[in-house]
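Here is the structure we will look at.
A short reminder: the numbers here are calculations on the coordinates, not readings from a lab. Predicted model only: the values in this text are computed from it and were never measured. Here the Cβ positions follow ideal geometry from the backbone for every residue, glycine too, while neighbour counts run over all protein chains shown.
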Amino acid sequence: MTEKESKLLQDFEEKVLQLTSMYNLLEENYKKLENTNSELKNQISELQEENESIKKDYQNATMAIALSGSQEDSRMTKNKINHLIKEIDQCIAMLSK
């Protein structure tokens, strides 16, 4: 093997080692990003559940205030209750058919 061929082979081996090292680093970064992504998805899910719970609490608080509050709030509560009763009546009618 000539000196030129030997040098080319050595350069080739170095580049293969560099590529292998870069690949390993990229693979580690990918795994870290996957873990971060998974954690963020879990966090989003938890925050959505918390948001729904807060919405329900808000609705309940609004209803409680309306029941014990001013005449306008009382009217709003009565309208909501009437609407719910109509929905229940419609469901009963559908079940009766």
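Quick notes on this structure:
- Take the Cβ atoms of Ser21 and Ser45, set R0 to 41 Å, and the FRET efficiency comes out at 0.65.
- Helix 3-68 and the longest principal axis of the Cα set of the chain meet at an angle near 10°.
- Placing +1 on the Cβ of every Lys and Arg and -1 on the Cβ of every Asp and Glu, with no other charges, gives the chain a dipole of roughly 800 debye about its Cα centre.
- Residue-averaged 222 nm ellipticity for the chain, from DSSP H runs of 4+ at -39500 (n - 2.57), nearest 500: -35500 deg cm²/dmol
- Rotationally averaged projected area of the chain (alpha carbon convex hull; nm²): 14.4
- Entries in Lys55/Lys86; Lys15/Lys41; Lys55/Lys80 that, when Cα-Cα distance is taken, lie over 27 Å: Lys15/Lys41
- Here the extension length gained between Phe12 and Ile54 equals 8.9 nm, from 0.36 nm per residue of separation less the Cα-Cα distance.
- In the chain, the longest principal axis of the Cα atoms and the axis of helix 71-96 are about 80 degrees apart.
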